[in-house]
1. Name the one entry in M265, M230 that is over 27 Å from the mean Cα position of the chain (by Cα) and closer than 23 Å to R153 by Cα.
2. Any idea which of L132, L141 is in contact (Cβ under 8 Å) with a residue 60 or more places away in the chain, closer than 30 Å to F261 by Cα and not acidic (D, E)?
3. Name the residue, out of H158, H140, that is open to solvent by 90 Å² or more (accessible area, probe 1.4 Å) and on the phi > 0 side of the Ramachandran plot.
4. Within the bounds of region 197-214, is there any residue that is over 21 Å from the mean Cα position of the chain (by Cα), among the β-branched types (V, I, T) and surrounded by 13 or more Cβ atoms within 10 Å (Cβ to Cβ)?
5. Criterion first (under 17 Å from the mean Cα position of the chain (by Cα), aliphatic (A, V, I, L, M) and open to solvent by 50 Å² or more (accessible area, probe 1.4 Å)) does M145 satisfy it?
6. Restricting to region 45-97, name every residue that is of a type in the set (A, V, I, L, M, F, W, C), farther than 20 Å from Q197 by Cβ and open to solvent by 60 Å² or more (accessible area, probe 1.4 Å).
7. Filter region 224-246 down to residues that are more than 20 Å from M193 (Cβ to Cβ) and of a type outside the set (A, V, I, L, M, F, W, C) and give me whichever is most open to solvent (accessible area, probe 1.4 Å).
8. How many residues does region 126-159 hold that are assigned to a loop (DSSP other than H, G, I, E, B), farther than 20 Å from F72 by Cα and of a type outside the set (G, A, S)?
Amino acid sequence: MPAQKPSLKSKVAAKAPLKAVQSPAKKAVTTKAAVGRSPAKTDDGVPLSTIIRRRIQAKKARFHANDNIAQFMQPGDLEGLVDEVAVKMQAVLESLVIDTESDHNTHNTSQRVAKMFVKEVFNGRYVEQPALTKFPNVSHLNELMIIGPITVRSACSHHLCPIMGRVWIGVLPSKESALIGLSKYSRLTEWVMCRPQIQEEAVVHLADMLEKKIRPVGVAIVMDADHFCMQWRGVKDRDSKMINSVMRGAFLKDANLRREFLALMDRR
């Protein structure tokens with residue numbers, strides 16, 4: 001009896017195992033590792049944000065909207081978070097019934113928004129404090145210094161709407177105080193502001209940090225800002241602003257010093 005030829009179905013079945021040599025999942029992980037980024041999910045499906053949250057909780061640390069969590073971030077995590085947020089932002093757009101496939105204006109919007117949140121407007125949460133070069137006060141400077149206005153951009157933690165404004169910093173050094181370059185005031189201010197928060201807490205955080213870093217006799221902070229949560233939504237009052245201040249040390253005790261700071265600040 002002549003040997004029966006194998007059917008086409010049998011041939012396909014015989015070749016099938018060869019296709020499973022490299023799975024799509026492994027290929028994706030390899031690609032991400034090659035460009036130095038953490039995968040948005042582990043092999044067992046745990047999101048990267050959950051892994052970072054577990055690291056924080058293991059140390060019993062806080063991770064509120066205005067907290068810096070840089071010490072819990074590992075190399076590649078920033079890019080991995082962008083990928084994870086992009087997926088979830090795409091789901092938000094779909095829930096808003098936006099056709100991102102045929103609408104060329106919203107194509108890749110989820111990726112752009114994710115990158116904006118993680119690497120720009122909320123970047124102060126994820127990166128370490130800017131490095132500071134301190135100089136000894138060899139000339140024993142003890143006169144009032146005012147830095148500003150420094151342009152600041154932040155976001156309201158209630159609605160994630162922009163806060164746009166200006167900050168003035170007053171410093172009264174002592175001969176024991178450390179001195180830092182003028183540009184560092186701007187960099188430190190930007191680092192503090194680039195996270196979701198309320199203005200009242202932002203200026204307190206900035207004052208705390210400056211007191212700790214330069215040990216002055218006094219620190220004064222004034223912030224004047226537009227809040228888009230009032231101008232863009234809600235009451236839609238485009239002329240409303242918020243101005244608040246923090247006075248520490250000599251600025252709190254000495255009314256004349258405080259008046260001098262506020263008077264010179266008004267001239268800018």
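1. Every option except M265 fails the conditions.
2. L132 is the lone residue from the list that is in contact (Cβ under 8 Å) with a residue 60 or more places away in the chain, closer than 30 Å to F261 by Cα and not acidic (D, E).
3. One residue alone meets the criteria, H140.
4. yes
5. no
6. The answer is A58, V87, V92, L96, V97.
7. R238
8. 11
The values are calculated or read from the model by the stated rules, or taken from the named source; none is laboratory data. Nothing here was measured: the structure is a model prediction, and the numbers come from that model. Here Cβ is always computed from backbone atoms with ideal geometry, including for glycine, and neighbour counts include all displayed protein chains. When the accessible area is computed, the model is the full protein with side chains, heavy atoms only, and any ligands, DNA or RNA have been set aside. Shrake-Rupley method; radii C 1.70, N 1.55, O 1.52, S 1.80 Å.
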